[in-house]
Amino acid sequence: MPSEDKLSSGALLTRSRRVLVVDHNRLGADVMSVRIRLLGYEVERAYSVQHALAIASRFNPDTIFIDLPEEEAFDLARKLIARQSKARLVALSSWLTPQSAAKADAVGFDLILRKPITADQLVDALSTPKAANEG
C-alpha cells in the first residue's frame, strides 16, 4: 500500500482515471493491472504494440505503462506520439542503463522507472499529470 503521506496528501484524488498497461508478459500485465485497479483506476491491458494501439484508440487512457523489449517500447511510444496521444507515457524496465534511459527520454517517454516499482512510485506515476508543455 502507498505510504500514509501519499494517501493523506490527496495524491490519489487528483489522478488520471484511465490506465493502459502494456507488457509482453501476460502475468506481469495482470499483476500490474490489479495493483492499479486496487487504487481505484479503470485499467485495460495489452500484450503487444498492435494490441496496445488498438486499445489506446478506443480507451483513450490518461497514463500508459509500457514494459516491452526496448525497441518495441520505443516503437510503441513513437506511434502513440504520432497519433497525438495525450497519455502520459511511463517506461518500465528491469535492465535500465543510462543509455536506454537517455534514448527513452529522447523518444518521448514522460517517466522511466526501474522495476520492481514501489507502491509510492506507482502512486506518483499515476497522480502526476502530463505537463502542459509535454506532448
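Each reported figure results from applying straightforward, stated rules to the coordinates on display, with no laboratory input. Since this is a predicted model, take the numbers as computed values, not measurements. Positions of Cβ are generated from backbone atoms using ideal geometry, with glycine treated the same way; all protein chains shown enter the neighbour counts.
Here is how the numbers come out for the structure above:
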read-out: Farthest positive-ward along the range 18-127 dipole, Cα basis, beta-carbon charges - from Ile64, Ser93, Leu53; value: Leu53
read-out: Neighbour cut-off at most 14 other Cβ (10 Å), DSSP loop, trypsin sites (Lys or Arg not before Pro), the range 42-135; value: Arg83, Lys86
read-out: Whole-angstrom gap from the range 70-135 to the range 16-40, using each part's C-alpha centre; value: 15 Å
read-out: Environment charge at Ala73 (Cβ cut-off 12 Å; Lys +1, Arg +1, Asp -1, Glu -1); value: -3
read-out: Contour minus Cα-Cα distance for Ser48 and Asp30 (0.36 nm per residue); value: 5.1 nm
read-out: Relative contact order (%) - criterion: Cα under 8 Å, at least six apart; region: the range 18-127; value: 23 percent
read-out: Charge dipole (debye, nearest 20) of the range 18-127; +1 at Cβ of Lys and Arg, -1 at Cβ of Asp and Glu; value: 240 debye
